[in-house]
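Notes follow once the structure below has been shown.
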Amino acid sequence: MNGNKYVWLLIIVASYFLWGLYVNQYPIEITSDDAFNFSRAVERFSVLEFRPHFPGYPAFVILNRVAATIVNPITANVWVSLLGALMLPLLVARIVFILSASWWKSALGCVVLLMQPLLASMALSGLSDPIALAFFLMAVISAILQRNYHVGFWLGLMLASRPSYFPLAMGLALFPLFVPSRLLKLKAYFQAASVIAIIGCVSLLFILQHDGMAYFEEGVRFTQGHFEIWGNTAEGNQSQIIQWVKGLMSAYGLVVLNSIFILLIWSLKTLFKKPSKQQLKARCVGMISLITLIYWGWITLGQNPDNLRHWAPVLVLVIIVFSMSFCSIFWQHNKRFVPLFIILLFIVTGDKLTVEQSRQAPIQQAIAWFEVHPEASIIGTNYSVNLLRDRLSERAVYDMYYPSSNIKLHEAALVSPESAWRISGSVLEKGILVQQFSARFIGERALYLYQIIDEQ
């Protein structure tokens, strides 16, 4: 199986080619309010004006501005997301190769990630998840190779691109604990932390230059709202843990989730073996498993269960552990069926690849619907408020977070029955469902269009 490395390289290239054809079916466009906010930040950065929202993501914004010199500035952030997604399978392959020196395991790790619909969803999202995750994987590579300054550099860029990935950085900080010398441990922490601090200071200066001290007041307001006001989630008012379980079970199934959890726990045993040259790389697999569990716990408690993209780091790291650990078990017993087994397993776990009803994002489908229905002049929505206001500037768009918006919709329906409409990110108990704008991938949210009928 390890055979000629050029055969496995050819498999990787062919897989990328097919993935490129698949993703090329879908337009490069803004798919959500968060992506729209990043798009506006290319022209002018201001956290106070939600260009983008707190905490600002300065490294991602700067990358978008660089990309805007080459591509359309309006969709520059989508291109950066696509670039990050393109890097992820190769970085997974690189990590697996460093740890195993196996071309077939590296190729399979790369191909398995390319097969995941969540990767395509992130690639077209216009958000910072893919590029920040790519920075983290580069930090993992540097940590394995014990290049401390590089670890700090990549972690600094990761945190400046997506601060909510800080549990990944905290997990990676455990790597030096397995260095035998106390002096070397201190050296590793100092070198990495010094670079992170420099990038952090530059990022903070960039933000304060635009927003000043009001940035901190906005931070308090935004953070409080993030943890106390979840909005209209897909599973209603159930606890956040239950919502996460239901969302992941819907996408991957109970058997797969249990298998992933057992695999991660089983891989932790390498952390307790006696250190040796042979066990050092195996310990790295255990560390990656520990980081995965730490981050999985964080998103379960601190991230919105409506957005499955938050689970992407778990998926990517699990594929690394799977390629290293689980494959080895089957490789020892029946070499011929290992590749087929892995491919078939992840086809099942990947759920559906796409919904062919439309190649546009759900919110773009909604915008297209309103463009051919000029009589729908008043829109209430709990999703992509700013994007709808920008694309449908001649319509009145109300944010359904405010109770007064519901009153406005019903008043408009009383005057003109065909004028008032509601877009919802979840199925509503009341109202006439007129259209469903289907999600294309795992991680996208389907939208529902309701006509408002006044009951008076």
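The values are calculated or read from the model by the stated rules, or taken from the named source; none is laboratory data. A quick note: this is a predicted structure, and the numbers were derived from the prediction, not measured. Here the Cβ is made from the backbone with ideal geometry for all residues, glycine too, and neighbour counts use every protein chain on show. Areas reflect the complete protein model, heavy atoms only, side chains present, ligands, DNA and RNA absent. Shrake-Rupley method; radii C 1.70, N 1.55, O 1.52, S 1.80 Å.
Residue by residue, here is whether (1) assigned to a helix (DSSP H, G or I); (2) at pLDDT below 95; (3) buried (at least 24 other Cβ atoms within 10 Å of the Cβ) holds:
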| site | (1), (2), (3) |
| --- | --- |
| Leu83 | yes, no, no |
| Met87 | yes, no, no |
| Ala93 | yes, no, yes |
| Ile98 | yes, yes, no |
| Trp104 | yes, yes, no |
| Leu113 | yes, yes, yes |
| Ala120 | yes, yes, yes |
| Leu127 | no, no, yes |
| Ala132 | yes, no, yes |
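Filter the range 436-453 down to the residues that are crowded, with 19+ Cβ neighbours inside 10 Å and free of Cβ contacts under 8 Å to residues at least 60 places away in the same chain, then identify the one that is nearest to Ile378 (Cα to Cα). Looking at residues that are crowded, with 19+ Cβ neighbours inside 10 Å and free of Cβ contacts under 8 Å to residues at least 60 places away in the same chain, I get Tyr450. Applying a threshold of 7 Å to beta carbon distances and a minimum spacing of six or more residues, or different chains, the list of pairs starting in the range 27-56 at a residue that is within 28 Å of Gln365 (Cβ to Cβ) and ending at one that is assigned to a strand (DSSP E or B) reads Asn37/Arg51; Arg40/Arg51; Ala41/Arg51.
Taken over the range 17-50, residues that are within 16 Å of Arg162 (Cα to Cα) and open to solvent by 30 Å² or more (accessible area, probe 1.4 Å) amount to 2. Report whether or not Glu394 is modelled with pLDDT of 90 or more, part of a loop (DSSP other than H, G, I, E, B) and farther than 17 Å from Ala35 by Cβ. It is true that Glu394 is modelled with pLDDT of 90 or more, part of a loop (DSSP other than H, G, I, E, B) and farther than 17 Å from Ala35 by Cβ. Arg389 meets the stated requirement of being of a type outside the set (A, V, I, L, M, F, W, C) and in contact with a strand residue (DSSP E or B) (Cβ under 6 Å, 6 or more places away or on another chain). Among the residues of the range 39-81, the ones that are β-branched (Val, Ile, Thr) and within 22 Å of Phe216 (Cβ to Cβ) come to 3 in all.
Screening the range 203-217 for residues that are free of Cβ contacts under 8 Å to residues at least 12 places away in the same chain and assigned to a helix (DSSP H, G or I) and picking the one that is least open to solvent (accessible area, probe 1.4 Å) gives Leu208. Close Cβ contacts (under 6 Å, 6 or more residues apart or on different chains) running from residues in the range 101-114 that are of a type in the set (Val, Ile, Thr) to residues that are open to solvent by 10 Å² or more (accessible area, probe 1.4 Å) comprise Val111/Ser15; Val112/Phe346. In the set (1) open to solvent by 40 Å² or more (accessible area, probe 1.4 Å); (2) more than 30 Å from the chain's Cα centre (by Cα), the condition left unmet by Asn382 is number (2). Within the range 410-430, which residues are more than 16 Å from Pro374 (Cβ to Cβ), open to solvent by 60 Å² or more (accessible area, probe 1.4 Å) and not aliphatic (A, V, I, L, M)? Result: His410, Glu411, Glu429, Lys430.
Would you be able to say whether some residue in the range 414-436 is among the acidic types (Asp, Glu) and in a loop (DSSP other than H, G, I, E, B)? Yes, the range 414-436 contains a residue that is among the acidic types (Asp, Glu) and in a loop (DSSP other than H, G, I, E, B). Among the residues of the range 56-66, those identified as open to solvent by less than 20 Å² (accessible area, probe 1.4 Å) and in a helix (DSSP H, G or I) are Pro58, Ala59, Phe60, Val61, Asn64. Being over 17 Å from Pro313 (Cα atoms), at pLDDT below 80 and open to solvent by 80 Å² or more (accessible area, probe 1.4 Å) is a description that does not apply to Asn232. For the range 134-193, give me each residue that is of a type in the set (Gly, Ala, Ser) and open to solvent by 30 Å² or more (accessible area, probe 1.4 Å). Once the filter is applied, which keeps residues that are of a type in the set (Gly, Ala, Ser) and open to solvent by 30 Å² or more (accessible area, probe 1.4 Å), the range 134-193 yields Ala173, Ser181, Ala193.
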